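Each value in this text was obtained by applying a stated rule to the coordinates, not by laboratory testing. Note that the coordinates shown come from a computational prediction; the quantities given were computed from them, not determined experimentally. Cβ sites come from the backbone with ideal geometry, for glycine too, and all protein chains shown count toward neighbours.
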Amino acid sequence: MSKRKFAIHNKSDKPDNIVYKEQEIIEQCIMIESQLPSFMIDYFLYLKNAVALSSRLAYLEDVLFFCKYLINETNLTKAGTTSDITIEDFNSITSRDINNFIGNYCARYILKNENSIKVMENNQRTLSRKKSSLSVLFKYLYRDEVITKNITDGFNPIKLPKPQPDAIKRLDIDEVVSLLDLIDSGELLNEKEKVYWEKTKYRDRAIFVLFLTYGLRVSELHQLNLSSFNFHRGEFKIYRKRGKEVLMPLNKTCEKVIKEYIEHGRPNIDSDDFVDKDALFLSLQKKRMTIRAIRNLSKKYTSLVMGLDKDNGYSPHKLRATAATSLIQQGFSIYDVQNLLDHDNVTTTQLYAAHKKDVKREIVKNFEWLDK
């Protein structure tokens, strides 16, 4: 897809950068839809009106992947391109064909080109999403009488591993302290890294303090603008999943590190480019930091603190887990933490609360009234 530059005429409450990002995703969706059979139009309309943009794109990618599989790996169609697949082809597909696609092909497949062979292996969660994409597709085709059978009842179940509290990766309190000390001092960095650290230390500290205080998702932090913050009211605005607009209170620490970054670390931008001009966190090239750059930053500093290889450092999502666990250990209720972190289900938050039970166990274990 060729990159197109959009002009934004924005009368909504959303910042221009979010409107721009959403339009980029919409363009990707439209491009994929143009490659799919025309009889799927009702499915496209459903996705457009009923699911989040990111989910719409993921579902369409899964369906396109399935259609390419039909052409390249099966005898279920004689079509030469994905858009040429017919209703009759889909009517001939059985639940057994879908189970073979998800359970056999998608679990591990090969991507070949002239120079390399890449083995692609998917986990249960990815397979579950592909199953969900196809389930919704076939249900809608059956509901609208495009196909004659509802084959979704025959799809094999996919058992997802139950999350275990002990498997949650997060930083301990002393590691958090060491992390913030490292950003302030640059002590464990080599000479080359210190050159960059001198230019970015205020920015990096603000990023980590926000992650560790609020448990922000990386996308939420990436979207932050200068205009997101109202220091007079002591609050800032974030946009969460499904476009939810949320006001977050600023504590003194966060206000201090952000103001110091804006005053001492953030470069001035003369450009009229609306995408970057209002961005809070900028790269050394004076562009909005990418999500990939933020992830790399997180892995770099956490790996140094834990004495690990850079590739084994912690992602921003593990900083989110660190924030959740730390808040619960400080005595905040799981419902308050659920609200702060925007968990859909309190059982997610309860996973982090399990660590608090370990603390109780240690207290009781070392507090005996009777001698042995």
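Using 1/(1 + (r/R0)^6) with R0 = 30 angstrom and r between the beta carbons of E61 and V19, what's the FRET efficiency to the nearest 0.05?
My answer for the efficiency is 0.85.
Compute the Kirkwood hydrodynamic radius of the range 166-360, taking the inverse of the mean of 1/r over all pairs of distinct Cα atoms, and give it in Å to one decimal.
Hydrodynamic radius (Kirkwood, Cα pairs) of the range 166-360 is 17.5 Å.
S38 to D84: extension gain in nm, 0.36 nm per residue of separation minus the Cα-Cα distance?
Contour length minus the Cα-Cα distance gives 15.7 nm.
Taking the Cα centre of the chain as the origin, how large is its charge dipole in debye, to the nearest 20, when only Lys and Arg (+1) and Asp and Glu (-1) carry charge on their Cβ atoms?
220 debye
Which entry in [x] 22.0; [y] 21.4; [z] 24.1 matches Kirkwood radius over Cα pairs in Å derived from the coordinates of this structure?
[z]
Could you tell me which of P267, S283, T302 has its Cα farthest along the dipole of the range 253-313 towards the positive end, charges placed at Cβ (Lys, Arg +1; Asp, Glu -1), taken about the Cα centre?
T302
Going down the list K21/K237; K287/K318; K194/K299; K169/K299; K199/K287; K169/K199, which pairs span over 20 Å between their C-alpha atoms?
Pairs exceeding the cut-off: K287/K318; K169/K199.
Convex hull volume of the Cα atoms in the range 16-159, per residue, in Å³?
Convex hull of Cα atoms, per residue: 133 Å³.
What angle do you read, to the nearest 10 degrees and between 0 and 90, between the alpha-carbon axis of helix 173-185 and the longest principal axis of the chain?
80 degrees
Full extension from D97 to N115: what is 0.36 nm times the residue separation minus their Cα-Cα distance, to one decimal in nm?
This chain segment gains 3.4 nm when fully extended.
Would you list E33, E121, E22 from fewest to most Cβ contacts within 10 Å?
The most exposed by this proxy come first: E121, E22, E33.
Rounded to the nearest 500 deg cm²/dmol, what is the calculated helix-only ellipticity per residue at 222 nm for the chain, with -39500 (n - 2.57) per DSSP H run of length n ≥ 4?
-16500 deg cm²/dmol
Roughly what angle does helix 41-50 make with the longest principal axis of the chain, taking Cα atoms, 0 to 90 degrees, to the nearest 10?
Approximately 20 degrees, to the nearest ten.
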